[in-house]
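Peer 1: One structure follows; several queries about it will come next.
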Amino acid sequence: MTSTSHDPRAWKRPEDELAARSSSAHLVDPEDDLPSSTYAGDFETTAIPRYDSTSGEHSGGFPLLGDPEPLPYVQPAGRHSASAAEPTEIEPDELDARSGDARRGTQDLGLMLLRVGLGALLIAHGLHTAFGWWGGSGLSGFRESLVDLGFQHATILSYAGIGVQIGAGVLLVLGLFTPVAAAAAVGYLINALLAAVAAQPDAGYFPFFLPDGHEYEVVLLVVAVALVLSGPGRYGFDAGRGWARRPFIGSIAALVLGIAAGVAVWVFLNGANPLA
């Protein structure tokens, strides 16, 4: 059995209870929770700045709300790390190649003049020897002079000598395969110098100055050696090759082969001591 209370206060509807609670409730302003301008913080150890929402300016403390937030920063790694971004020394040629500026002044012009000048002299002397132009002896006279100097296989050697002169001269003028052409000229000029020394009437010494000396042959030989080592410059068909920009190992090898070929021709096809 249950008992029922007859007290009318015990019987309440839910909406009546909600209305009673609503009547006792009141709105709270969030501004009331903000600290006052005189608030010094707990135990007076922390100063909280006050911000004026209407003017957008700071009244004191640190500028926290007016400044933009900094972007997140991540330390680069891998190929973008600090070690990979260290400055490196750039060679002058690499800088010139990147900028497209040769910065060589008149160097290429001077090399072109040396190259074309030596090539033109070789071509003219080859034509003079082969065809008898400009008072030359012709092919037969050249072969007889080789026989008189003591060369073996004079016929083959006469054709080879003329071919080297004209071929190397054309390549030098064009600036094509310049180290090889200049090295061939070195080999030929070595034999020309030794033959001129051997043909002198007074043996046993080396006359240098003209008209009876060998000054002319020595100058041509020095120019040919210089072109092997310096390269043709950039005014020629070799402009895009390595020996035109920075000749080094290949030019040294070409010079050694040219000197060796010239000495070998004299030793194995003549064998005489030019100073004896």
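Peer 1: So which chymotrypsin sites (Phe, Trp or Tyr not before Pro) in the range 171-276 end up in coil per DSSP with only 12 or fewer other C-beta atoms within 10 Å?
Peer 2: For chymotrypsin sites (Phe, Trp or Tyr not before Pro) across the range 171-276 that sit outside H, G, I, E and B with at most 12 neighbouring Cβ atoms in 10 Å, the list reads TYR205, PHE208, PHE209, PHE248.
Peer 1: Another question, if that's okay. Could you tally the net charge around ALA195, taking each other residue with its Cβ under 14 Å from the Cβ of ALA195, Lys/Arg +1 and Asp/Glu -1?
Peer 2: Its environment carries a net charge of -2.
Peer 1: Next question, about the same structure. Over what distance in Å are the Cα centres of the range 208-276 and the range 131-183 separated?
Peer 2: With the range 208-276 and the range 131-183 each reduced to a Cα centre, they are spaced 15 Å.
Peer 1: Could you tally the net charge around GLY231, taking each other residue with its Cβ under 11 Å from the Cβ of GLY231, Lys/Arg +1 and Asp/Glu -1?
Peer 2: Net local charge, GLY231 excluded: +3.
A short reminder: the numbers here are calculations on the coordinates, not readings from a lab. From a predicted model like this one, the values you see are computed outputs, not experimental measurements. Don't worry about glycine lacking a Cβ; one is built from the backbone with ideal geometry, like all the others, and counts go over all protein chains shown.
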